[in-house]
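Working notes, structure below.
None of the figures in this text is laboratory data; all of them are computed from the coordinates on show. The model shown is predicted, which means the values in this text are computed figures rather than measured ones. Cβ: placed from backbone, ideal geometry, glycine included. Neighbour counts: every protein chain shown.
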Amino acid sequence: MEKSMKSLLKPLQRGCALSAFAMVLTVAPHAHAAVGQGAATISDLRYTLTDLDPNDGISPSLQPYYVLGKIWGQLNFSALDVYEESQYLPPSIPGRSISGSWENGNDAISSSVGGGGRVEDVVLSVSHRSEAIATEAHASIDFTFYLTPATRITFYSDYALSSSGYEPVSQPRSITTFEGRLYESGSGEVQRFYRSAGDESLELNGTASLTWDNVSSEGRDGRLYLHAFGHSIGSAVPVPEPSSYAMLATGLGLMGLLARQRTRRARQSGSD
């Protein structure tokens, strides 16, 4: 009778062991996308003029030539634009703007970037997001102008940058950057401003300023270039589902119980 019971229990024990092993296998990590994203808003562009020679009889002034707005995006650091749009934004027409969005993806992964630029309240805005591949989003304003002699001009612009942060291995998923460059015609770059969120801080807010002194006795052409951009690096990383941990504990516990039963039976048969 005892032998027949053991013969009946053996298939059941094998089935339990296989079920427990299957439970362990089910907790194999599932691929989930680690999303990288960020945004930049550059607002309230303004300037002040200072007369460096009050005795020359010339009132300080700025005469704009043109403003060129541009937005574009790239994927996987290919240096090839997947989207590009640019247009002249006449300063005499307030509120003229450009905007656009573009995305690239397939069944399981997706990436999208978007940007916009205008001359009035919000000068530049750009956002970027990636789930599985690297994306870049750019928005820029290129502003050329004439400045009277013996005049100092200082441009100001408020900025707000955000980034989604780091992977556990301390690799940034997203970096959002704002740079401003001020040029004097014929002399090159006069001053540069640069801030980036994602290297050390996930959010940055402040006011940028760029100054140029035209100390010449003649008027000069100048150029202000503002560029907001960011890149995101998504990755499909193995992340177990929360329910998988419970299945793992159940499966391991069942396998441990079966192992103890086999050990006990082996000792009993040895003592016999």
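Here are some notes:
- Local electrostatic count, Glu189, Cβ distance below 11 Å [Lys/Arg +1, Asp/Glu -1]: +2
- Residue-span extension gain [Leu52 to Ser185] - 0.36 nm each, minus C-alpha spacing: 46.0 nm
- Note on Ser99 and Thr154: the extension gain reaches 17.1 nm, defined as 0.36 nm multiplied by sequence separation minus the Cα-Cα distance.
- Among Ser217, Ser86, Ser174, sorting on how many other beta-carbon atoms sit within 10 Å of each Cβ, with the fewest leading, yields Ser217, Ser86, Ser174.
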